[in-house]
Structures are given as structure tokens and as C-alpha cells.
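Colleague: Sharing a structure here in C-alpha cells format.
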Amino acid sequence: QVQLVESGGGLVQAGGSLRLSCAASGRTFSSVAMGWLRQAPGKAREFVAAFTRDGGKTYYADSVKGRFTISRDVATNTVYLQMNSLKPEDTAVYYCAVDGNTVRLRAGTGDYWGQGTQVTVSS
């Protein structure tokens, strides 16, 4: 069983920044791929960013490349998502997720995900 707890969401103006955190327990980073998904109102959950299990490679959705950065702290089993130059279309509930590899994360799903944190970007 994996527990994932997200934090750091909020309301921000377009062009602003937010940093999301995900505290993970129940599995070590080396045994799972971890990443972020998001779901906007009326839309399907979609992939945002992810690490491979060994942390050696990262993936990003085209819509966030160059603006978002995923990182992790192995010592505390925490994954971060630094979001810069936010746009109104980034408004969504953001979920931390884990899976055996990045394939399913990049398809917008995973074995486990947290409760989510709301990010709202005003224009």
C-alpha cells in the first residue's frame, strides 16, 4: 500500500508560480515511478510530469515543458513540482501518482494517487 499526500496548491495570477509537494510512504522511490497528473473540470485526467524508478530520466507533457520542473528528495520520499509562468489553462486538481513504470503515468493513470491539490490560475 502506498500513501500519497499532496500540498502546495492555491490561487495564483497568470504568470505566477507555485510549488507542489507530495509526501510518499509505503514504498521507496527506487521501487516505483512517480509523477504528477492533473484533471481540469470536465476533462480527463492527464499526464504532467514523471520520474523513472531510478530517477535517471524525467518526462514532461508538451504543454508544461520549459515551465514545470519535477524533482525529488530521496531522503524524505518527497516529490515536488515547481510550476512557473502559470497559465489559466493550468487550472486543475493536481495528483501525485505512482506506478511500476512511467508508461501508465504518461497515459494519465497509475497504481496509486493521492487526494489531489487544487491549482487555480486567474487571468
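Colleague: Which of the residues spanning the range 53-87 are free of Cβ contacts under 8 Å to residues at least 40 places away in the same chain, in a strand (DSSP E or B) and of a type in the set (D, E, K, R)?
Modeller: Selection gives Asp73 alone.
Colleague: Every residue in the range 90-99 that is part of a loop (DSSP other than H, G, I, E, B) and either open to solvent by less than 10 Å² (accessible area, probe 1.4 Å) or more than 19 Å from Gly10 (Cα to Cα) (or both), please.
Modeller: Selection gives nothing.
Colleague: Got a sec? Which of Thr69, Thr52, Thr120, Thr102 is buried (at least 18 other Cβ atoms within 10 Å of the Cβ) and either among the hydroxyl-bearing types (Ser, Thr, Tyr) or farther than 14 Å from Ala33 by Cα (or both)? Can you show your working first?
Modeller: Working: Thr69 fails: buried (at least 18 other Cβ atoms within 10 Å of the Cβ); Thr52 fails: buried (at least 18 other Cβ atoms within 10 Å of the Cβ); Thr120 fails: buried (at least 18 other Cβ atoms within 10 Å of the Cβ).
After applying the criteria, what remains is Thr102.
Colleague: One residue is enough: does the range 39-60 have a residue meeting the conditions under 23 Å from Val12 (Cα atoms) and hydroxyl-bearing (Ser, Thr, Tyr)?
Modeller: Among the residues of the range 39-60, at least one is under 23 Å from Val12 (Cα atoms) and hydroxyl-bearing (Ser, Thr, Tyr), which makes the answer yes.
Colleague: Scan the range 38-49 for residues that are basic (Lys, Arg) and open to solvent by 70 Å² or more (accessible area, probe 1.4 Å) and report the count. Write out each step before concluding.
Modeller: Let us first name the residues in the range 38-49 that are basic (Lys, Arg), namely 38, 43, 45.
Adding the requirement that they be open to solvent by 70 Å² or more (accessible area, probe 1.4 Å) leaves 43.
Looking only at that region, the number is 1.
The values are calculated or read from the model by the stated rules, or taken from the named source; none is laboratory data. Computed from a predicted model, the values in this text were never measured in an experiment. Positions of Cβ are generated from backbone atoms using ideal geometry, with glycine treated the same way; all protein chains shown enter the neighbour counts. All accessible areas refer to the heavy atoms of the entire protein, side chains included, with ligands and DNA or RNA removed. Shrake-Rupley method; radii C 1.70, N 1.55, O 1.52, S 1.80 Å.
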